[in-house]
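The values are calculated or read from the model by the stated rules, or taken from the named source; none is laboratory data. None of the values given here were measured: they were computed from a predicted structure. Don't worry about glycine lacking a Cβ; one is built from the backbone with ideal geometry, like all the others, and counts go over all protein chains shown. All accessible areas refer to the heavy atoms of the entire protein, side chains included, with ligands and DNA or RNA removed. Shrake-Rupley method; radii C 1.70, N 1.55, O 1.52, S 1.80 Å.
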Amino acid sequence: MSDPAEITRRARSNLAFAFLCVPRERRADLNTFYAFCRVVDDIADDTTRPAGEKQAALQAWKDALGRTDNPAGSLESKVVAMRERNSIDPELMLEILRGCESDLAPQRFATWDDLQDYSYRVASAVGLALLSLLGASEEARDYAINLGHSLQLANILRDVGEDLSNGVRIYLPLADLQRFQYTERDLIGRVHDGRFLALMNFEAERAERLFQKTRSLLPPADHKALRAAEVMREIYHALLRRMRADQFRVFDRRYRISTFRKFSILLRQFLR
């Protein structure tokens, strides 16, 4: 499929929802950028394809981003045109692809610093690319980077169970597991006990600090331009609070924020 708007519509993601508060004239390029992110992420997450085939598909995207003669009407040609139109640093989109590539094989992160290197590629680089698409200034770079880390950490906490089912992926830093005497074997065995809750609350506190720091980094002059980013921050912050209140039952449920709550957050951004 090469229609960015249709890819975005079908995804029904929180980011796509946040685009509702963006001026219509910016949505076409936002849809194209989102479609790129969605397609390459889906390649990495596809459990039906061999790793070698997925690597080749991601390499094909790397090659396409370096060309100006992609087939007319293809998603690749639309993505390159969108990037050039908005003067997005090509390195940011390559970072996103590198993040997807790192998910092709089981990986572990020894420390929080190691995990931040990953979350920069898969989340902060997305935020930095969105700055020009949303019409924000370079003063918002630190905001975008920190927002990426906070959203990704909340996402990791929500998806602990799903990631185990998809290639036994473990994103929680191993040093943190060790801190609470909770092992990889415990996690793979989906042991939900006091140690697990202590670990998850420790990570949630870290995410809480990141959300608070992100909010403090929003340049006042960019508030209107970054309404969509703030909607994302509030949605994932609410998701974090809901998981904590429910004792992180991430092995047997997927946490979501209701559509009504999302629209409440959206409306609140317009009223500020």
Self-check item: For ASP3: the one exception among (1) of a type in the set (D, E, K, R); (2) closer than 15 Å to ALA81 by Cβ; (3) crowded, with 17+ Cβ neighbours inside 10 Å
Solution: (3)
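Quick one: is PHE248 surrounded by 13 or more Cβ atoms within 10 Å (Cβ to Cβ), touching a residue at least 40 places away in the same chain (Cβ under 8 Å) and on the phi > 0 side of the Ramachandran plot?
yes
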Self-check item: Hits in the range 145-178 - residues which are part of a helix (DSSP H, G or I), over 12 Å from the mean Cα position of the chain (by Cα) and among the small types (Gly, Ala, Ser)
Solution: GLY161, SER165, ALA175
Quiz item: When you scan the range 50-107, how many residues do you find that are of a type in the set (Ser, Thr, Tyr), surrounded by 12 or more Cβ atoms within 10 Å (Cβ to Cβ) and either more than 22 Å from ALA5 (Cβ to Cβ) or in contact with a Lys or Arg (Cβ under 7 Å, 6 or more places away or on another chain) (or both)?
Solution: 1
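Considering only residues that are assigned to a loop (DSSP other than H, G, I, E, B) and either free of Cβ contacts under 8 Å to residues at least 40 places away in the same chain or open to solvent by less than 60 Å² (accessible area, probe 1.4 Å) (or both), which ones fall in the range 108-117?
Of everything in the range 108-117, those that are assigned to a loop (DSSP other than H, G, I, E, B) and either free of Cβ contacts under 8 Å to residues at least 40 places away in the same chain or open to solvent by less than 60 Å² (accessible area, probe 1.4 Å) (or both) turn out to be PHE109, ALA110, THR111.
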Practice problem: State whether one or more residues within the range 213-236 are farther than 27 Å from ALA144 by Cα and part of a helix (DSSP H, G or I). | Solution: no
Quiz item: When you scan the range 220-240, how many residues do you find that are surrounded by 15 or more Cβ atoms within 10 Å (Cβ to Cβ) and without any contact (Cβ under 8 Å) to a residue 24 or more places away in the chain?
Solution: 1
Practice problem: Check LEU94, LEU133 and return the single one that is under 19 Å from the mean Cα position of the chain (by Cα) and more than 28 Å from ALA56 (Cα to Cα). | Solution: LEU133
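Does the range 4-22 hold any residues that are farther than 26 Å from ALA51 by Cβ and without any contact (Cβ under 8 Å) to a residue 40 or more places away in the chain, and which are they?
Listed by number, the residues that qualify are ALA5, GLU6, THR8, ARG9, ARG12, ALA16.
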Quiz item: Scanning for something closer than 30 Å to SER258 by Cβ, of a type outside the set (Asp, Glu) and exposed (fewer than 13 other Cβ atoms within 10 Å of the Cβ), does the range 32-44 turn up at least one residue?
Solution: no
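Does the range 183-197 hold any residues that are exposed (fewer than 15 other Cβ atoms within 10 Å of the Cβ) and among the hydrophobic types (A, V, I, L, M, F, W, C), and which are they?
Result: ILE188, VAL191.
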Quiz item: Which of the residues that make up the range 131-144 are assigned to a helix (DSSP H, G or I) and open to solvent by 20 Å² or more (accessible area, probe 1.4 Å)?
Solution: SER132, GLU138, GLU139, ARG141, ASP142
Quiz prompt | Those residues of the range 209-219 which are of a type in the set (D, E, K, R), closer than 27 Å to VAL22 by Cβ and either surrounded by 16 or more Cβ atoms within 10 Å (Cβ to Cβ) or free of Cβ contacts under 8 Å to residues at least 24 places away in the same chain (or both), in sequence order | solution = ARG215
Quiz item: For ARG121, which of the numbered conditions (1) outside any helix (DSSP H, G or I); (2) open to solvent by 40 Å² or more (accessible area, probe 1.4 Å); (3) at negative phi; (4) not β-branched (Val, Ile, Thr) fails to hold?
Solution: (1)
